[in-house]
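Visitor: Dropping the structure in here first, questions after.
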Amino acid sequence: MKLDFYHTLFVGVSQIFLGSYVMLMLDFRKPVTIWRTRWIITAVMIVSANLIGLLFLNFWETYMRVGIFTVTLPYILDTLWCSNHRDFRAVFNMATALFIGCVGTVTANLAELFLWDNKYFSLLVRIASFIVMFFVLRRFSVTYRKMLHQMDHSWGILCIIPIVSFITLMYVVNHSEQIDPITSSILTCCVLVVCGCSYYLMYLFFERVQKENRAHYENQLSALQLSALRGRMEAVRAAESSIRMERHDLRHRIQAVMEMISRGEEKTALDFLDATRRRLDEQKVIR
């Protein structure tokens, strides 16, 4: 039995990177640790089943036709199951990962076409492009994960960009033998540039929305602080007015006590002071 090491390695490496892309952008259900573990275990089982078929059963020709059902669709269902958002946000996550997979495929094909026609060299170029895209996506995912909780609509429209790009690139790559290599290269590069620019505009849009939300929150916080400050100023003014009244009343009380003492009415003066003390003690302190 002839083992298909190359295609097994090819698919295995690709799925490892694609899985890391999905995890970068996936907002897992709570508790995050448990649902992340479930996603990883399920994804490993899906990929392992396909790798076993590729290695031992010469599954490559069939995989090219049905891979969307044996890997992509189970991946999407697994992501929807473990995602905190079971809508087009999870689909956008998977579509983005698939688009980046297309970037690696196109880059490898161009390197094999113009540099060195060697399948292992093509695989190395593919891995290098995946590594570069990982760092690009990591920066995008920071903004994207914040937008998951700030934008509830229009994700289906955003999914059109990577899905159409993925379908177009896969069609061109799978029919490259029927298309002139130069024409195929130009077409794939144009699709990559258009989709890449769309993602960059999307990133700028996300950044602007988040800045506006932060500005709105800061304005609300400033208004709340200003309202609290006004309330404190009013409380201070009320306290100052109360202190002036108490000072005025205290002056009269002292004058009355002095007159009582001057007339020899010490007991009456003490009773008056005791009544004043009790009245003060009965007042509640308000903080």
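The values are calculated or read from the model by the stated rules, or taken from the named source; none is laboratory data. Treat the numbers as computed from the prediction; the structure is a model and nothing was measured. Every residue, glycine as well, gets a Cβ built from its backbone with ideal geometry; the counts of neighbours run over all protein chains shown.
Visitor: Give region 73-123 a look and list any residue that's among the polar types (S, T, N, Q) and more than 24 Å from VAL191 (Cα to Cα), or say none.
Guide: Scanning region 73-123 gives THR79, SER83, ASN84, ASN118.
Visitor: Could you look through region 7-23, keep only residues that are surrounded by fewer than 17 Cβ atoms within 10 Å (Cβ to Cβ) and among the β-branched types (Val, Ile, Thr), and pick out the one that is nearest to the chain's Cα centre (by Cα)?
Guide: ILE16
Visitor: From the list LEU26, LEU54, LEU80, LEU98, which residue is modelled with pLDDT of 85 or more, out of contact with any Gly (no Cβ under 9 Å at 6 or more places or on another chain) and buried (at least 21 other Cβ atoms within 10 Å of the Cβ)? Can you show your working first?
Guide: Values: LEU54 fails: out of contact with any Gly (no Cβ under 9 Å at 6 or more places or on another chain); LEU80 fails: buried (at least 21 other Cβ atoms within 10 Å of the Cβ); LEU98 fails: modelled with pLDDT of 85 or more.
The conditions single out LEU26.
Visitor: Regarding ARG232, is this residue among the basic types (Lys, Arg) and either modelled with pLDDT under 80 or within 25 Å of the chain's Cα centre (by Cα) (or both)?
Guide: No.
Visitor: Look at VAL164 and say whether it is more than 21 Å from PHE205 (Cα to Cα) and either in a helix (DSSP H, G or I) or in contact with a strand residue (DSSP E or B) (Cβ under 9 Å, 6 or more places away or on another chain) (or both).
Guide: Here the answer is no, as VAL164 does not meet what is asked.
Visitor: Something else: So which helices (runs of 4 or more DSSP H) stay within region 1-119 end to end and still have 3 or more residues that are over 23 Å from TYR144 (Cα atoms) and hydrophobic (A, V, I, L, M, F, W, C)?
Guide: Hits in region 1-119: 5-25, 32-56, 60-67, 88-114.
Visitor: Same structure again: So which of ILE160, ILE179, ILE186 ends up being without any contact (Cβ under 8 Å) to a residue 24 or more places away in the chain, closer than 26 Å to TRP39 by Cα and of a type in the set (Val, Ile, Thr)?
Guide: ILE160
Visitor: Which is over 30 Å from MET170 (Cβ atoms), among the basic types (Lys, Arg) and surrounded by fewer than 10 Cβ atoms within 10 Å (Cβ to Cβ), of ARG247, ARG237?
Guide: Details: ARG237 fails: surrounded by fewer than 10 Cβ atoms within 10 Å (Cβ to Cβ).
Going through ARG247, ARG237 in turn, just one is over 30 Å from MET170 (Cβ atoms), among the basic types (Lys, Arg) and surrounded by fewer than 10 Cβ atoms within 10 Å (Cβ to Cβ): ARG247.
Visitor: Now, a different point. Can you tell me which residue within region 143-154, out of those that are assigned to a helix (DSSP H, G or I) and modelled with pLDDT under 85, is surrounded by the most Cβ atoms within 10 Å (Cβ to Cβ)?
Guide: As a first pass, look at region 143-154 and keep what is assigned to a helix (DSSP H, G or I): 143-147.
Next, from what is left, pick out any that are modelled with pLDDT under 85: 145-147.
On the way: ARG145: 14, LYS146: 15, MET147: 19.
Filtering region 143-154 for residues that are assigned to a helix (DSSP H, G or I) and modelled with pLDDT under 85, the one surrounded by the most Cβ atoms within 10 Å (Cβ to Cβ) comes out as MET147.
Visitor: Ok, one more. Kindly indicate whether ASP274 is in a helix (DSSP H, G or I), loosely packed, with under 11 Cβ neighbours inside 10 Å, modelled with pLDDT under 80 and not β-branched (Val, Ile, Thr).
Guide: yes
Visitor: Report whether or not MET202 is of a type outside the set (Lys, Arg), surrounded by 10 or more Cβ atoms within 10 Å (Cβ to Cβ), under 23 Å from the mean Cα position of the chain (by Cα) and part of a helix (DSSP H, G or I).
Guide: Yes.
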